[in-house]
1. Net charge around A:Arg311, counting only other residues with Cβ within less than 12 Å of its Cβ (Lys, Arg = +1; Asp, Glu = -1)?
2. Rg(Cα) of chain B divided by 2.2 N^0.38 Å?
3. To the nearest 0.05, what FRET efficiency results for A:Ser118 and A:Thr364 with a Förster distance of 45 Å applied to their C-beta separation?
4. For the residue pair A:Thr282 and A:Asn336, what label-to-label distance in nm results when each label sits 7 Å from Cα along the Cα-to-beta-carbon direction?
5. With an 8 Å Cα cut-off and a minimum separation of 6 or more residues, compute the relative contact order for segment A:57-101 in percent.
6. Which percent of Cα pairs goes in each bin when the distances of segment A:305-388 are cut into 5 angstrom slices starting at zero?
7. Could you give the length gained by full extension between A:Asp303 and A:Ala546, i.e. 0.36 nm per residue of separation minus their alpha carbon distance, to one decimal place?
8. Between segment A:202-224 and segment A:359-420, what is the separation of their alpha carbon centroids in Å?
Amino acid sequence: MIVGIFSCITIHAQTIKVLNILDYPLDIYPISIDARVNGPDRGYHLAGKLGDPYYDTADMQDARAKLLNPANFGPTGTVPHTITITDDYGTYGSIPGVAALNPYDIIFIGVKTGAGFSPAEVGYLLAWSKQPGKVLMLQEQSWGSPVSTAMGYQIIDGSNTNPTTALPEDISYGTKLFSGAFGDASMGIDQWGASQGYFTPGCTGIALAKNANGLATVILNTEYRDILVADGDFFTKSWVGNGLISAGPSITNDTDRVWGNLWAWAINEVVNQVEPSPLVPTGIAYTDQTLPLCNTDAIIKLDGNNASVIRWETSTDGGTTWLPITSTDITITYPNPVNNQQFRAVLQNSPSCPIGYSMPVTITVNCTVCNAGTVAPVLTNATVTSNMVDLNSMITGTLPTGITVQWHTIPNPLDNTTQLSGTTVNATSTPVNYYAVFYDTVNNCYSPSAKVVVVSNVCPMANADLTALLHSSLPANTTLVWYKDALRENGGTLVTDPAMAGNGTYWPYFYDADNTCYSPAGTPVIVGLTSCNNYCYKQGITTGTALGTKVGITALNRAGTQADNWPMVRKGSWIALESKTKGFVPNRVAFDGSGNPVGIPVANFVEGMIVYDTTNKCLKMYTSKDGGPLGWYCISTQTCPD
Amino acid sequence: MKKILLLILSLFVGVAIKSQVAISKSDVTNVSVSLEFGDNENKGIILPYVTDKTGITENGTIIYDATDFKIKYLKDTNNWFDLSIDTTGVADLSIQGDDKEEQPGAKVSIALTGNPDSVTKGILVLADNDKAMILPKVASPHLNIISPSAGMMVYETDHKMLAVYNGTVWSFWKP
């Protein structure tokens, strides 16, 4: 564990080891035949013109000083990592293999003219760079870009194409060369000299910055996780003394800031051991249109693509087969799409690169018109004679073909789960809302609904009390009045005593007495009266001596347990039955057409006899009905002995 | 039959009793009576306090439903007819708690012969289809049965009604 902790600290305070590849061996001068650079363009590397008295060529002493300044790169610097630089391998073919490079985190390669690198060396450098956290910093030139070219990005010589400025990808891909730890560089950076390069299109690179002609000058190569720049002297001091990078170790201008941010990015790659991966062209196809469409062209757009559109494709079979649409635009218009038609963009960085596809977008099309309409059914007075109310009696007129009226328990039905099974409902003392809708049987859709309230009287009241119903707040200076007609203005009848409403349909209105005017009719109320029985409950008496119960039949395991004194504890009974799951089953007897029990002679009928009538399915007693002669009657009406 | 005093049938298996039973009465009124009671005291019949009625399927079964303290009878399949209506019933269930285990086979059957009805489930089953019980008869039970226990059922003779008691109030029924 301790080792682990130290290891952790080591990584965060990691010293970044940089290999600077020289132009020729420092100890052999004049230049030997096996140097990497034979021409005049020497010194395009972090050791600048060391040991070269003849050519005052590109000098990177200031760039090097900024890397070694602990205020920039050091434990308390802008980037909390110290950079050490090893200058080596100036002899052509001297890199022995990948293993020799592995101690280093970052390798800087500037312009190498003439011999440059052997093919084997290029292979070692690329293999090394493909490892996680290994960064090649390539700053080659149009006349000598062997490593950039091997990575798929050759440098072409442009002319006078300054400045190089950031593309949005510099932020979206997190490189932040123009907005990183060392600050913003909104003015951009310049290439010096007559040869100002840009990159040919490649397959695995993201352009981070462009020149004045819009051509890529800085590339993030995702296959290697390296940043390539298209000129050797973005960050050199010019041989005519008019350099673009500032003198000394401090970061002061835009070029300094981009230089610092470039290394800050590379160090982040090292510290986080970022793994290279080839770029797969992708993006997201979408539409701004409200779906589903109907008789409208589809407008398909592309977002987040990392490669160019080479064509579009469409599928009408759920993505099994795709047909091409000729367009390289990021927005296409497709006439008359069908339902569930899919669209995707085909993407490619350049003609020799792999192609990729955007995420497809699916367009839905639905031109179905609901023939149930947009108007709720018009309700008229119901025919009411009792508490059984036929709601359909409120619907009059002829319905169009394919349209029915349905009654539901909710205002906006979605399916038949809320539909009433029958249109006759039982009015209860608690008001219940029902909703009428037109239903399109072909397209399975509904119109808006019309609401009705159904209510009965509250026994022992013989009539319903409309004033007890909840209603919305009265507008100022109005009263609630009830009419017996939906069309009050056509000779409607005012309800004079809404607290005593009989069977019928009632329509509420707000009435402004000052101006003698009415609101439109509100939700109709159907009153269906139920007859009230005169029934009562009587408390059991407790005064006097209670009689014990001496006989009991129990299903419980009571043998030998008399502590609770059952059945004597039950009071006032001849016999107590006891079971948690079983009942008392009286004789079950069939009844004949004359209403008498089959098998019991009339002579044996005794008042107070009780049986279950299996013919009529009721508990039947031999008793008197309302003072009449004795007979067998179903027990059906609650009553009162007063 | 003779007068029976303090009879407790604590049942582990079905018991069949001869077809006519009179409790606290010297004999039954006639041959069509399955069960009847004495007429010299103001007493009723106490129904079982059923805490789980889900297994009851025999139409006509009468219970005191201890889950809502109401007297009910099974009018038809899944259709319990509420004879109490009033919801204020109470009952002392403490003496039939979890410590009192129910014997699944416990049953008293009153029938003409042997054990003719082994199918019908009930704690007391009047099995003959040509007889009727006579309810205990009390005049104005709400005035004359003192401290009645919940689940009581009587025939009210003054007004010729069925009267049931839910532990708090009597409810009355007529044709």
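The values are calculated or read from the model by the stated rules, or taken from the named source; none is laboratory data. Because the structure is predicted, anything quoted here is derived from the model rather than measured. Reconstructed Cβ throughout: ideal geometry from the backbone, glycine too, with neighbour counts over all protein chains shown. Side chains are part of the model used for accessible areas, which takes the heavy atoms of the whole protein and leaves out ligands, DNA and RNA. Shrake-Rupley method; radii C 1.70, N 1.55, O 1.52, S 1.80 Å.
1. Numbers: positive: A:Arg344; negative: A:Glu313, A:Asp329.
Residues near A:Arg311 contribute -1 overall.
2. On the way: Rg = 16.1 Å, N = 175, 2.2 N^0.38 = 15.7 Å.
Working it through for chain B, the quotient is 1.03.
3. Numbers: r = 60 Å, r/R0 = 1.34.
After rounding to 0.05, the efficiency reads 0.15.
4. 3.7
5. 19
6. Bins of 5 Å from zero give 3, 12, 17, 15, 10, 7, 5, 4, 4, 4, 4, 4, 4, 3, 2, 1, 1, 0 percent of pairs.
7. Values: separation 243, 0.36 × 243 = 87.48 nm, distance 8.97 nm.
So the extension gain works out to 78.5 nm.
8. 63
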